[in-house]
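Asker: Supplied in structure tokens, the structure appears directly below.
The values are calculated or read from the model by the stated rules, or taken from the named source; none is laboratory data. Owing to the predicted nature of the structure, the values given are computational and were not obtained by experimental measurement. FYI the Cβ positions are ideal-geometry reconstructions off the backbone, even for glycines, and counts take in every protein chain you see.
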């Protein structure tokens, strides 16, 4: 297992971690000031500053991407909605390619309308079928653009509204069906916040292997957790066995960044400088 204690070269910052403190251009400047070598930006943050500006800033700073957030949300109430989702995913692929991302992360979606409290239907099997079909329909374009797709399974507490793929096993089943030759076009993003609890996690990480492990996200699970989305913990403040999980990931062949992604009403209230400095310190000590 790699030694993180002497440097933070393998640290990436998912920019949602600082979305309440700074716009994306400031986040990039502050990361560059601390010699953080990679980020994973969100599409809305890119759009608010302008993709041309972000593209230039990344090149000037030498900061790379560890992923691009996000595509997905494939299910819809009707055929027009399904087509709209496919069009949006193509645009996400184009943006990811322009910014030289190594992959587009897919939060696949679930019951359409559930996020707003009015689901269009309650058939979870239908949602999963639409996710499978949406990824299949997107995969050819992604291959043409040389942009790998990374399916991110989300914790079952978000199965109704954000993602009906909830385990690494489910995500890999889709990968094996749609990309049986393991071409590198389709893989997974392993976010420990969502999968740490899974008794099959070690085995499924090994099943994924280096060619399917496209991104690795870290934070911590607080006990008790007070919010289903915005109460992630800073690494070392919760119950996830972070080093054990990274050993499993690296034993499977992963050599990429450990990407810090923290949605937290607590950390969003702290100065951005403190958040970044803490991310560096925890990356070197507990990740």
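Asker: Just a yes or no: is a residue in the range 172-189 in a strand (DSSP E or B), within 13 Å of the chain's Cα centre (by Cα) and closer than 18 Å to residue 287 by Cα?
Answerer: Narrowing the range 172-189 to residues in a strand (DSSP E or B): 186-189.
Restricting the remaining residues to those that are within 13 Å of the chain's Cα centre (by Cα) gives 187-189.
Those still in the list that are closer than 18 Å to residue 287 by Cα too: 189.
The answer is yes; a qualifying residue exists.
Asker: When you check residue 32 against the structure, is it within 25 Å of residue 275 (Cα to Cα), in contact with a helix residue (DSSP H, G or I) (Cβ under 9 Å, 6 or more places away or on another chain) and in a helix (DSSP H, G or I), yes or no?
Answerer: Against the criterion (within 25 Å of residue 275 (Cα to Cα), in contact with a helix residue (DSSP H, G or I) (Cβ under 9 Å, 6 or more places away or on another chain) and in a helix (DSSP H, G or I)), residue 32 qualifies.
Asker: Now for a separate question. Can you tell me which condition residue 81 does not meet? The list is (1) part of a strand (DSSP E or B); (2) out of contact with any helix residue (DSSP H, G or I) (no Cβ under 6 Å at 6 or more places or on another chain), and all the others hold.
Answerer: (1)
Asker: Could you please find all residues in the range 221-255 being in contact with a strand residue (DSSP E or B) (Cβ under 6 Å, 6 or more places away or on another chain), within 19 Å of residue 66 (Cβ to Cβ) and not in a loop (DSSP other than H, G, I, E, B)?
Answerer: 232, 249
Asker: Spot the failing condition for residue 236; the list is (1) surrounded by 14 or more Cβ atoms within 10 Å (Cβ to Cβ); (2) touching a residue at least 60 places away in the same chain (Cβ under 8 Å), and only one is missed.
Answerer: Status for residue 236: all satisfied but (2).
Asker: Just to check your reading of the model, which residue among 90, 83, 43, 97 is within 14 Å of the chain's Cα centre (by Cα), surrounded by fewer than 21 Cβ atoms within 10 Å (Cβ to Cβ) and over 25 Å from residue 277 (Cβ atoms)?
Answerer: 43
Asker: Within the range 267-287, how many residues turn out to be over 27 Å from residue 248 (Cα atoms) and surrounded by fewer than 16 Cβ atoms within 10 Å (Cβ to Cβ)?
Answerer: The total comes to 5.
Asker: Is at least one residue of the range 192-204 under 22 Å from residue 71 (Cα atoms), touching a strand residue (DSSP E or B) at 6+ places or on another chain (Cβ under 9 Å), in contact (Cβ under 8 Å) with a residue 60 or more places away in the chain and part of a helix (DSSP H, G or I)?
Answerer: Taking every residue of the range 192-204 in turn, at least one turns out to be under 22 Å from residue 71 (Cα atoms), touching a strand residue (DSSP E or B) at 6+ places or on another chain (Cβ under 9 Å), in contact (Cβ under 8 Å) with a residue 60 or more places away in the chain and part of a helix (DSSP H, G or I).
Asker: In the range 30-52, what residues are closer than 24 Å to residue 266 by Cβ and in contact (Cβ under 8 Å) with a residue 24 or more places away in the chain?
Answerer: Residues satisfying the conditions are 30, 31, 34, 36, 39, 40, 41, 42, 45, 48.
Asker: Picking from 228, 222, which residue would you name as being at pLDDT below 95 and either surrounded by fewer than 19 Cβ atoms within 10 Å (Cβ to Cβ) or farther than 24 Å from residue 106 by Cβ (or both)?
Answerer: 228
Asker: Still on this model: Can you report the number of residues in the range 53-65 which are part of a helix (DSSP H, G or I) and either under 19 Å from residue 256 (Cα atoms) or in contact (Cβ under 8 Å) with a residue 60 or more places away in the chain (or both)?
Answerer: Here is the first cut: in the range 53-65, the ones part of a helix (DSSP H, G or I) are 53-61.
Checking the rest, the ones that are also either under 19 Å from residue 256 (Cα atoms) or in contact (Cβ under 8 Å) with a residue 60 or more places away in the chain (or both) come to 58.
Total satisfying the criteria: 1.
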